[in-house]
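Colleague: The structure follows.
The values are calculated or read from the model by the stated rules, or taken from the named source; none is laboratory data. No experiment lies behind these values; they were computed from the predicted model shown. Using ideal geometry, Cβ is built from the backbone for each residue, glycine included, and neighbour counts are taken over all protein chains shown. Heavy atoms of the whole protein, side chains included, go into the accessibility calculation; ligands, DNA and RNA do not. Shrake-Rupley method; radii C 1.70, N 1.55, O 1.52, S 1.80 Å.
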Amino acid sequence: MQVFHGTEQLPRFANPVVAVGAFDGVHLGHVRILRFLCEQAEKVNGTSVVMTFSPHPRTVLRPESSFFTINTMEDNLKQIEKQGVDVVLIQPFTLDFSKMSYQQFIDEVILGKLQAHTLVMGPNHAFGHQREGDHDSIKHYCREHELQVVDIPEEMWHSAGVHSAVIREHIRQKDWETVDAMLGYHYVDH
């Protein structure tokens, strides 16, 4: 797996199929996305690309909060690599970067720098300034710009969606059995 920091020195990738997100914890919901990403890339003889952020956007946007990451970036990269992903792009997350609209992000990064063939998204996906680009608006904008979008259904665990926020709450409660079940591996506190 190739890892790139920032978009300045990116090579051209064959038919990039892209998933964007924090991917903190790389839990069962993320694993579903990553496996689907790799399958889609294989279908178009493409490159599976994960775009993630460092530091985690929440630590930049709400530094006063009690937010914590589930894993280190190094641990997240190991989990992503286990799923067979070809490329990870780690985008530095700054206040300036956070002000980019979802349209600008799609135009400049997804289409411009990555030259994406397909964007893979879960049902709760949102990005852009203040998460203004929700699933439907992103999908509509991508269609207008001839970027394919592939939806992935939400991963469920005991009738609830698997989300990093839920896992964080179980970590706070020291409910290690649930944490491990939702991650799909043994959680190691850092």
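Colleague: Given 0.36 nm per residue, what is the gain on full extension from A165 to L111 after removing their alpha carbon distance, in nm?
Modeller: Numbers: separation 54, 0.36 × 54 = 19.44 nm, distance 2.96 nm.
So the chain would gain 16.5 nm between A165 and L111.
Colleague: Spin-label point model (7 Å from Cα, Cβ direction): what's the A14 to T72 distance in nm?
Modeller: 3.5 nm
Colleague: Take H30, H129, H186 and sort them by solvent-accessible surface of the protein heavy atoms, 1.4 Å probe, largest at the top.
Modeller: Numbers: H30 25, H129 65, H186 130 Å².
Order by accessible area, largest first: H186, H129, H30.
Colleague: So between D180 and V149, what do we pick up on full extension, going 0.36 nm a residue minus the alpha carbon distance? Intermediate results must be reported in sequence, preceding the final value.
Modeller: Values: separation 31, 0.36 × 31 = 11.16 nm, distance 3.10 nm.
Gain in length upon complete extension: 8.1 nm.
Colleague: Trypsin sites (Lys or Arg not before Pro) within region 1-74: which are DSSP loop residues with at most 10 other Cβ atoms inside 10 Å?
Modeller: On the way: sites: R12, R32, R35, K43, R58; in loops: R12.
The qualifying sites are R12.
Colleague: Further question on the same structure: Computing the accessible area with a 1.4 Å probe over protein heavy atoms, can you report the carbon and sulfur percentage for the chain? The partial results should precede the final answer.
Modeller: Numbers: 4760 of 9880 Å².
Carbon with sulfur: 48 percent of the solvent-accessible area.
Colleague: Under 5 Å between amide hydrogens, which residues at least 5 positions from S54 or on another chain qualify, with H placed 1.01 Å from N in the peptide plane?
Modeller: Here the answer is Q91, F93, since their amide H atoms fall under 5 Å of that of S54.
Colleague: How much of the DSSP bridge set in the chain is antiparallel, in percent, rounded to the nearest 5? Don't skip to the answer; put the middle values down first.
Modeller: Working: 3 of 25 bridges.
The antiparallel fraction comes to roughly 10 percent.
Colleague: Under a straight-distance cross-link criterion of Cα-Cα below 23 Å, which lysines are reachable from K99, leaving out those fewer than 8 residues away in the same chain?
Modeller: Cross-link targets: K113, K139.
Colleague: What longest range of the chain stays clear of loop-exposed GluC sites (Glu not before Pro) (DSSP non-H/G/I/E/B, at most 12 other C-beta within 10 angstrom)?
Modeller: Details: sites that count: E8, E64, E146.
Longest gap between qualifying sites, sites excluded: 65-145.
Colleague: Rolling a 1.4 angstrom probe over the protein chains, ignoring ligands and nucleic acids, what is the accessible area of I171 in square angstrom, nearest 10?
Modeller: Counting only protein heavy atoms, I171 exposes about 10 Å² to solvent.
Colleague: Expressed as a fraction of 2.2 N^0.38 Å, the rule-of-thumb size for a compact globular protein of N residues, what is the C-alpha radius of gyration of region 82-190?
Modeller: 1.27
Colleague: How big is the accessible area of S65 in square angstrom, nearest 10, if you roll a 1.4 angstrom probe over the protein chains?
Modeller: Roll a 1.4 Å probe over it and S65 shows about 50 Å².
Colleague: How much accessible area per residue does region 74-190 have, counting only protein heavy atoms and a probe of 1.4 Å, in square angstrom?
Modeller: 54 Å²
Colleague: Mind listing the Cα extents of region 6-128 along all three principal axes, in Å, largest one first?
Modeller: Computed over region 6-128, the largest-to-smallest principal extents equal 44, 30, 28 Å.
Colleague: For region 128-140, just list the computed ³J(HN,Hα) in residue order, Karplus coefficients 6.51, -1.76 and 1.60, θ = phi - 60°, integers in Hz, with x standing in for Gly and Pro.
Modeller: After applying 6.51 cos²θ - 1.76 cosθ + 1.60, I find x, 3, 6, 6, 5, x, 8, 3, 5, 5, 4, 4, 4 Hz.
Colleague: Using only DSSP helix segments of four residues or longer, with each worth -39500 (n - 2.57), what per-residue ellipticity at 222 nm results for the chain after dividing by its residue count and rounding to 500? Numbers along the way, then the final one.
Modeller: On the way: 8 runs with 66 residues, N = 190.
Mean residue ellipticity at 222 nm (helix-derived): -9500 deg cm²/dmol.
Colleague: Please compute the modelled spin-label separation between E81 and L95, points set 7 Å along Cα→Cβ, answer in nm with one decimal.
Modeller: With each label point 7 Å from Cα toward Cβ, the separation is 3.5 nm.
Colleague: Mind listing the phi-derived Karplus ³J(HN,Hα) values for region 166-183, rounded to whole Hz, using 6.51, -1.76 and 1.60 with θ = phi - 60°, and x for any glycine or proline?
Modeller: Once rounded to whole Hz, the list reads 5, 5, 4, 5, 5, 5, 4, 7, 6, 8, 5, 4, 5, 4, 4, 5, 6, 6.
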